[in-house]
Amino acid sequence: MSVAVEPVNGALIAAEALSVRLGGRRVVDNVSFAVGRGETVSLLGPKGAGKTTLLRALLGLLPAERGSVRRAPGLVVGYMPQRLAIEQILPLSVGRFLRLGRRAPRAKIAATLAEVGMVAALDQPLHTLSGGELQRVLLARALLRDPDLLILDEPAQQVDFQGQIEMFHLIGRLRGERGCGVLIVSHDLHLVMGATDRVLCLNGHICCSGRPETVSRHPEYLALFGPRAAEDLAVYQHSHGHAHGLAGEVLPLPTEGKSAVRDNSAAKGAD
Amino acid sequence: MFDDFLVRALLGGIGVAAIAGPLGCFVVWRRMAYFGDSLAHSALLGVALGVVLGIDLNIGIIATCVALAVVLLLLQNQRGLATDTLLGIMAHGALSLGLVTMSFVEALRLDLMSYLFGDILAVTERDLIWIYAGGAAVLALLALIWRPLLALTVHEELARAEGVRVGLVRVLFMLLIALTIALAMKIIGVLLITSLLIIPAATARRFARTPEQMAGLGALIGALAVVAGLFASLEWDTPSGPSVVVAALALFLVGVAATGLVAALRAGRRRVDSAAPER
């Protein structure tokens, strides 16, 4: 078993020189990083960069080829998978779906659904939900476990751009309210900008890491996503210093701290 | 007022339907209809082996089904052959192997039709003990793994991440299917067992709001089909197994028609409402 249950000085979960082989190919190569309590880390990379494989190894769903995954003792993880295909043949209400992850009284289920703005769907059949609603329900199932760490795989993939921004706002707000650590996988730096403390740029190995606005200027990032990515980002920042709520009202983005870029060699261990 | 053989047939049929209903729901939810069919086909090989080796036929069937399920599980992890191809090879391979083996045994050759299509009117007290004791065990074990099995049916990886022992639950579920096939074979025959798993479950879906309702309704609808099929078989001297399946099919079609009618009526009322002048 590659998942060692040992404390990692203050960190919730840490990958240490982790390599994962999938289908004869080394998909994750010598990756080291940690997520601390209350910290939001974004895992960024193009398709096929090994983001989901890395997540699955962290969750203990895939064995490590080399290196290890360390978890804080008694760590509760709330995992939100990329997508959920619900067959109409299975009669399952939203509330019942949540209870499959963890037994809880109805009041707690309703309260958790309220956190993601889906309380009205408590008794609705799961297969009638839209893509965006399903994502929120998946998030609620992760939250119901009262997690110390949320692991979210492309949490806003199935929704339109506005929906994506709302989802990242929601995640940012929940992190603030609950104080849990968050690890988000995304293929789009624009989306993770506001809500994240640290970005890890992954392409098999970790290319670069640091605060989002500095990673966006890092040569490795530009090599991976092309110079267009940085230009898009500048335009995006200029025109969207705010976001819109459901009623179209202007919402402030969370404030951004000072920048710090580190190279792969320095991106090891807990902060 | 009823003959003994009829009482035994009714008890046996209802017992099997009560097991097949809940288990059939999972077969439907997990898209395992073809898998169930393949295992059922292999049951004939189990009968043949049971006779040749001189062991209890039920033991022979269960052992063969479990062995085949394990082989399937192992082969599924290999790449190269799609699962439906694999199942097709296994289903027809095992069925033909069973038929060939049976042709060497005189007594079995005469009984072939009853193994293929069931002979509910020949149910013995010993069969009933098997069905009710085995059925109670199957349902108890299913109740025990119900929650984790449902969780991994909805999303296997999420269930694993949340601590469900997926491998164990899947193996237990396969064992339950193998047991059910062994118990149901006498009643409905190897070729038609899957229909008793699938048709009542599919019929129940239209009237169920929770997984448990669907399982209970499935058992009820299956029992209804058994009773109706049995009396039809008696009345018109039709083969019992196919008669039960025809009854199940009829119930399914009634369900389709009923829900279609309700939907049409609702749509009609909505049209009338919207056409009515505002006050």
> Mind checking which residues of the range B:202-227 are crowded, with 19+ Cβ neighbours inside 10 Å, within 12 Å of chain A (Cβ to nearest Cβ) and either out of contact with any Leu (no Cβ under 9 Å at 6 or more places or on another chain) or under 20 Å from B:Leu10 (Cβ atoms) (or both)?
Replying inline: B:Ala202, B:Leu217, B:Gly218
> Is it the case that the range A:81-92 has a residue that's more than 9 Å from chain B (Cβ to nearest Cβ), buried (at least 22 other Cβ atoms within 10 Å of the Cβ) and at pLDDT 90 or above?
Replying inline: no
>> Among the numbered criteria (1) over 12 Å from the mean Cα position of the chain (by Cα); (2) under 30 Å from B:Pro242 (Cβ atoms), which one does B:Leu192 miss?
In response: (1)
> Any idea which residue in the range A:145-158 is farthest from A:Arg175 (Cα to Cα), counting only those that are in contact (Cβ under 8 Å) with a residue 40 or more places away in the chain, buried (at least 22 other Cβ atoms within 10 Å of the Cβ) and not charged (D, E, K, R)?
Replying inline: A:Pro155
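Which count do you get for residues in the range B:110-145 that are loosely packed, with under 14 Cβ neighbours inside 10 Å and farther than 25 Å from B:Leu95 by Cα?
Matching residues across the range B:110-145 total 9.
The values are calculated or read from the model by the stated rules, or taken from the named source; none is laboratory data. Since this is a predicted model, take the numbers as computed values, not measurements. Cβ sites come from the backbone with ideal geometry, for glycine too, and all protein chains shown count toward neighbours.
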